[in-house]
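The block underneath contains the structure these notes are about, expressed in structure tokens.
The values are calculated or read from the model by the stated rules, or taken from the named source; none is laboratory data. On a predicted model such as this, the values are computed, not experimentally measured, just so you know. Glycine also receives a Cβ, built like all others from the backbone with ideal geometry; neighbour counts cover every protein chain displayed. SASA here: full protein model, heavy atoms, side chains in, ligands and nucleic acids out. Shrake-Rupley method; radii C 1.70, N 1.55, O 1.52, S 1.80 Å.
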Amino acid sequence: MQLIDPNRFARTSWTGSQPPVVNFVLPCYNEQEVLRETASRLGELLGELKADGLIANASAAYYIDDGSRDGTWTLIETLARERGDTCGIKLSRNRGHQNALLCGLMSVGGDALVSLDADLQDDLSIIPDMVRAFRNGDELVYAVRRRRDTDTFFKRFTAEGYYKVLAWMGVEVVFNHADYRLMGRRPLEALRRYEETHLFLRGMIPQLGYRSSIVAFDRAERFAGESKYPLSKMLSLAWRGVTSFSAAPLRAITSLGAMVSVVSVAFGLWALFVRLFTDVALPGWASTVIPMYLLGGIQLLSLGVIGEYLAKIYEASKQRPRFHVEAITGHWGQP
Ligand code: UDP
Ligand code: MG
């Protein structure tokens, strides 16, 4: 149990006397085609929010370069030189979107942070509403997709199905919400205490509690460049969402095992009955071979699922750092 220091406790949440410092965190991997446009549109929005007195003048955008191989970092450095509202963090190598995002959330100060994609798919026009919700006391504001008409049928079908499966397994996720959200200082500090290796932030954050609300938006097409989330990365994230939050697959194996056992016992009894009380000859080929293949398959599959969890424990037990920062740029809230 942590000792509560009343002074520090008071300081961790925005008090409302001044406009809050709201910073933006954008993970980028090979985004040189879009960053200039993103910086200018976000800069315009920051300017408007500051002019309306909704956010403090020190608010800025922080681009987290997730070990890009193109000119992303050079561009971030240039933007930081050109504009007062742009800063950057460069990771030492590609660590994946979730780790890059976590790095931003854990490293950038401010009363609240808004996380969004660098490719302008997340509609910026709802940000004033998110900030207003924060100012009215919501410490977490989730942006939720209203429709999925910019997705392919395959993506829409699998994504919506996936959220339903997660919910069915008891994982608390906000339906159709990804990583576009506003987090106040208190949930950010709460998140700092989670030391999970296999990050699935959209599952972790609803566990934090605090007052939250939802703002709906329509997701646009990517402004330029192509998706940095190929099917393999998407599947890996999806599987992580299941294994980091639910033991349902392990329980399913137990249930399957129990069911197969019951059937086997019944089958055994039946075979015994046939053997003892009838004179029907049993050539026995199909009845031997089919269950053998079936059980072999089930066993291998079960071992595989158990192995997946074991591998997660193995990796987590090493407690390796999730990212290393190589460089930073911009003036980080200093005027
Ligand atoms: N991204 C990242 N590291 C990666 C892959 C992606 O930081 O290894 C960033 C990417 O630059 C973008 C965000 O994560 O800002 C979402 O990626 P993307 O737009 O490619 O995913 P999609 O929208 O297609 O699902
Ligand atoms: Mg995208």
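Being of a type outside the set (Lys, Arg) and either in contact (Cβ under 8 Å) with a residue 12 or more places away in the chain or within 16 Å of ligand 2 (Cβ to nearest atom) (or both) is the filter here; which residues of the stretch 233-246 pass it? Of everything in the stretch 233-246, those that are of a type outside the set (Lys, Arg) and either in contact (Cβ under 8 Å) with a residue 12 or more places away in the chain or within 16 Å of ligand 2 (Cβ to nearest atom) (or both) turn out to be 234, 237, 238, 239, 241, 242, 243, 244, 245, 246. Here is the figure for the stretch 63-113: residues that are at pLDDT below 95 and among the aromatic types (Phe, Trp, Tyr) total 0. Here is the figure for the stretch 177-201: residues that are open to solvent by less than 20 Å² (accessible area, probe 1.4 Å) and within 12 Å of the chain's Cα centre (by Cα) total 7.
Of all residues in the stretch 234-244, exactly one satisfies the criterion of being more than 12 Å from the chain's Cα centre (by Cα) and farther than 16 Å from residue 307 by Cβ, namely 235. Every condition in (1) touching a residue at least 60 places away in the same chain (Cβ under 8 Å); (2) within 16 Å of ligand 2 (Cβ to nearest atom); (3) more than 29 Å from residue 136 (Cβ to Cβ) holds for residue 42 except the one numbered (3).
Restricting 141, 171, 108 to residues that are touching a Lys or Arg at 6+ places or on another chain (Cβ under 7 Å), closer than 28 Å to residue 244 by Cβ and more than 16 Å from ligand 2 (Cβ to nearest atom) narrows the list to 141. Output yes when any residue across the stretch 247-260 is away from ligand 2 (no atom under 16 Å from the Cβ) and not in a helix (DSSP H, G or I), and no when none is. The answer is yes, given that some residue of the stretch 247-260 is away from ligand 2 (no atom under 16 Å from the Cβ) and not in a helix (DSSP H, G or I).
The sole residue among 133, 143 that is open to solvent by less than 20 Å² (accessible area, probe 1.4 Å) and either in a helix (DSSP H, G or I) or more than 20 Å from residue 214 (Cα to Cα) (or both) is 133. Just one of the listed residues (181, 219) is of a type in the set (Lys, Arg), assigned to a loop (DSSP other than H, G, I, E, B) and under 19 Å from residue 129 (Cβ atoms), and it is 219. Residue 109 meets each of the listed conditions (1) under 25 Å from residue 201 (Cβ atoms); (2) buried (at least 20 other Cβ atoms within 10 Å of the Cβ) apart from (2).
Of everything in the stretch 319-331 that is charged (D, E, K, R) and open to solvent by 80 Å² or more (accessible area, probe 1.4 Å), the residue that is nearest to the chain's Cα centre (by Cα) is 320. Is it the case that some residue within the stretch 271-288 is open to solvent by less than 100 Å² (accessible area, probe 1.4 Å), outside any helix (DSSP H, G or I) and at pLDDT 80 or above? Checked against the condition, which is being open to solvent by less than 100 Å² (accessible area, probe 1.4 Å), outside any helix (DSSP H, G or I) and at pLDDT 80 or above, the stretch 271-288 yields at least one hit.
Before we move on, is residue 87 open to solvent by less than 10 Å² (accessible area, probe 1.4 Å), in contact (Cβ under 8 Å) with a residue 12 or more places away in the chain, within 19 Å of residue 237 (Cα to Cα) and touching a Phe, Trp or Tyr at 6+ places or on another chain (Cβ under 9 Å)? It is false that residue 87 is open to solvent by less than 10 Å² (accessible area, probe 1.4 Å), in contact (Cβ under 8 Å) with a residue 12 or more places away in the chain, within 19 Å of residue 237 (Cα to Cα) and touching a Phe, Trp or Tyr at 6+ places or on another chain (Cβ under 9 Å).
The criterion of at least 1 residues that are of a type outside the set (Val, Ile, Thr), within 16 Å of ligand 1 (Cβ to nearest atom) and more than 23 Å from residue 178 (Cα to Cα) is met, among helices (runs of 4 or more DSSP H) falling completely within the stretch 1-118, by 35-51, 72-82.
In the stretch 202-247, the residue that is surrounded by the most Cβ atoms within 10 Å (Cβ to Cβ) out of those that are within 20 Å of residue 126 (Cβ to Cβ) and of a type in the set (Gly, Ala, Ser) is 212.
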